[in-house]
1. Name the residues in the range 232-259 that are surrounded by fewer than 17 Cβ atoms within 10 Å (Cβ to Cβ) and of a type in the set (S, T, N, Q), would you?
2. Say we look at the range 324-382 and pick out the residues that are of a type in the set (Asp, Glu) and over 24 Å from the mean Cα position of the chain (by Cα); which of these is nearest to residue 208 (Cα to Cα)?
3. Examine the range 120-140 for a residue that is more than 30 Å from residue 310 (Cα to Cα), in contact (Cβ under 8 Å) with a residue 40 or more places away in the chain and assigned to a loop (DSSP other than H, G, I, E, B), and state whether such a residue exists.
4. State all residues of the range 153-169 that are in contact (Cβ under 8 Å) with a residue 12 or more places away in the chain, part of a helix (DSSP H, G or I) and open to solvent by 80 Å² or more (accessible area, probe 1.4 Å); if no residue qualifies, say none.
5. What is the number of the single condition among (1) within 21 Å of residue 308 (Cβ to Cβ); (2) open to solvent by less than 10 Å² (accessible area, probe 1.4 Å) that residue 172 does not meet?
6. Is one or more of the residues making up the range 103-119 modelled with pLDDT under 90 and either more than 30 Å from residue 214 (Cβ to Cβ) or in a helix (DSSP H, G or I) (or both)?
7. Which residue pairs have Cβ atoms under 9 Å apart, sit 6 or more places apart or on different chains, and have a first residue in the range 260-280 that is open to solvent by less than 30 Å² (accessible area, probe 1.4 Å) and a second that is outside any loop (DSSP other than H, G, I, E, B) and of a type in the set (Phe, Trp, Tyr)?
8. I'd like to know if the range 286-308 contains one or more residues that are open to solvent by less than 60 Å² (accessible area, probe 1.4 Å), closer than 30 Å to residue 72 by Cβ and assigned to a helix (DSSP H, G or I).
Amino acid sequence: MTLTGNRKNTRSRQSRTHPRCPGGCRGTSQKSRRGPAPGPAGEKSPLAQTKTSTPLAPHLTAFFEQRLPIERGASENTRDSYAYAFQLLLTFASKHLQAAPSQLTVEQIDAPLVLDFLNDLETTRGNGASSRNIRLAAIKSFMHFLEYRIPSAIEQIRRILAIPAKKTESKLVRHLTAEEIQGLLNSPDPTGWKGIRDRAMLHLCYAGGLRVSELIGLRLDDLQFQPQPSVLVHGKGRRERCLPLWKTTTSALRAWLAARGTVPVPELFVNARGGSLTRSGFEYILRKHIRTVKQHYPSLATKRVHPHVLRHTCALAILQATKDLRKVSLWLGHAKMQTTEMYLRVDPSVKLEALESVVPPKLRSGRFKATDKLIATLKAATFTQSKKPSK
């Protein structure tokens, strides 16, 4: 039998097999290889249904309950800062994606969304580059945590980790003069309960160069009067330092302990309700006394005084008194000496010593010779100006 005959027999068998298809249903085998025909409109294909999303909430909870406190040993202040960063991020993502924060997925937090969030911080909230970088650092720390938990999202995570930090301006630190800081320390009324507390807080914050977190975190057992009045400060990065106290600061603290009374909290400074003092509470107290001091020192009207300004003022006072940058670093509890070098750019005494030790170059002597009066009159071109005709 020839090849042509075999083909004819095959076609006849196909036509008998499919009696409902006129003409032998040519192309039936080819269509079967392409897969099933598409269903009705609006019905998703099985391939699209297999793509699932990863909820964000369980991973974020594990990040704050396991990663930061247990694996990384992060301090409470670091966890609070990271939590506030994600509070802002999830609020922005919820408005941008029209979804509840608890329903967001990991796939939705991509690089374009993070960039829009960072730009919104600067445009809408008015944050600077430093605050923007702090929020970005919190997001990157969480993305490093997701690298080994969700390997399928590694490309998305790498894009977020590649977002660069924004460069910040290295400005001179703000500080108060000796007269301004003295007026601030004298501002609280020493006859009332709040005045005694405020005076002790301001004295200790300035004398110790304390951060706000260090000041409000002090406990009663951190203060010692024997054999030498000192205070144990729990600094940033779990670095402790012991600072001696001035006599004036010791007197202010003794007066506060006598007026403090018995309250159930162990913190040294408490609010009016007997609870622990918060960061915003101390900022409110400082702003209140700054408004009072501005009446006597108009120079404060052009300065934005925040709690960290007292720390800068203390650092410059120690630098001008000791001329030793290492002592300033030890007093403030800096981890690196490079951080303390910013005060050298503010202190003019170091630059004056350099100016006095260097012999300036000599200038060529000469005398100024006035121009002739007639030539000066001609240069002014007073005669070329046309006079307006009188009416």
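1. Matches in the range 232-259: 248, 251.
2. By that ranking, first place goes to 324.
3. no
4. If the condition is that a residue be in contact (Cβ under 8 Å) with a residue 12 or more places away in the chain, part of a helix (DSSP H, G or I) and open to solvent by 80 Å² or more (accessible area, probe 1.4 Å), then 159 is the only one that fits.
5. The single condition residue 172 does not satisfy is (2).
6. no
7. Between residues of the range 260-280 that are open to solvent by less than 30 Å² (accessible area, probe 1.4 Å) and residues that are outside any loop (DSSP other than H, G, I, E, B) and of a type in the set (Phe, Trp, Tyr), the close pairs are 260/193; 268/256; 269/256; 269/282.
8. yes
The values are calculated or read from the model by the stated rules, or taken from the named source; none is laboratory data. The structure presented is a predicted model; accordingly, all values stated were derived computationally and were not measured. Using ideal geometry, Cβ is built from the backbone for each residue, glycine included, and neighbour counts are taken over all protein chains shown. SASA here: full protein model, heavy atoms, side chains in, ligands and nucleic acids out. Shrake-Rupley method; radii C 1.70, N 1.55, O 1.52, S 1.80 Å.
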